[in-house]
Structure formats: structure tokens, C-alpha cells
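To keep things clear, I will list the structure first and then write my remarks on it.
The values are calculated or read from the model by the stated rules, or taken from the named source; none is laboratory data. Just so you know, these numbers come straight off a predicted model, no measurement behind them. Note that we place each Cβ from the backbone using ideal geometry, even for glycine, and neighbour counts take in every protein chain shown.
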Amino acid sequence: MTVGHSNMTNARKVHVQVTIEGQTCRMEVDSGSYLSMVSWATIKRLIPDISQKQLKRQTLMLKDYQGNKIRILGIGQFRVTFKEYTRVLPLAIVDRDRPSLLGLE
């Protein structure tokens, strides 16, 4: 039995505009992901003086929806604002240029 499965190939993606440390970032809402994810290229554009040494090393293994491994450089704590809500959230920083994803955490 399959529950909650959709075979819609033209399903629309939902994007939101957030700020990360005061800099605007467009993120895709991914309710299937626990973690939020931003590429190294994106975080460097938003926070030019960040270094990988500031990220907490991780042994987590992420996979995309096709099962491909996603290498995590580390996880950082960043001030993220959506509308009037601001929270410090963990963001997984990944090595390849990928869309920024806003997960459930």
C-alpha cells in the first residue's frame, strides 16, 4: 500500500524569500527534508567572510530524491528571517551548487 504518493509530473515547487544573516535568499520549501540546505557558493555570496572552519563537521549522509549522495561540508547556525519571524537555524552547507532548500527544522 502506498500512502501520500503523487505521480504529478508538473507539480509546482513552492519558493519563499528569506534573509540569512540579513542577506536575501530564495529557498525552495522541501517538506520531505528535515534539514535546510544551502550551497557553499550561495553562503559565500551571502556571507563573503565565512570560512569552512566555522562550520561544524558532520558525518551525516544526505541523499537527493533520486538517491544520489550529497556531500555536506558542515552545518552552521545562521539567523534566518521569514516575514516577521527570525530564528537561529542550522543550515547544512553542501559542496555543489544546488538549489537552497528550506526543510522542516
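Just one of the numbered conditions (1) surrounded by 10 or more Cβ atoms within 10 Å (Cβ to Cβ); (2) within 19 Å of R87 (Cβ to Cβ); (3) modelled with pLDDT under 95 is not true of S31: (1). Exactly one residue out of I50, I75 is among the hydrophobic types (A, V, I, L, M, F, W, C), in a loop (DSSP other than H, G, I, E, B) and at pLDDT 95 or above, and it is I50. Scanning region 22-47 for residues that are more than 11 Å from the chain's Cα centre (by Cα) and either in a loop (DSSP other than H, G, I, E, B) or under 20 Å from I70 (Cα atoms) (or both) yields G22, S31, G32, A41, K44, I47. Number of residues in region 65-95 that are touching a residue at least 24 places away in the same chain (Cβ under 8 Å) and under 16 Å from M27 (Cα atoms): the value is 11. In the set Q17, Q66, Q58, only one residue is assigned to a loop (DSSP other than H, G, I, E, B), in contact with a strand residue (DSSP E or B) (Cβ under 9 Å, 6 or more places away or on another chain) and among the polar types (S, T, N, Q); that residue is Q58.
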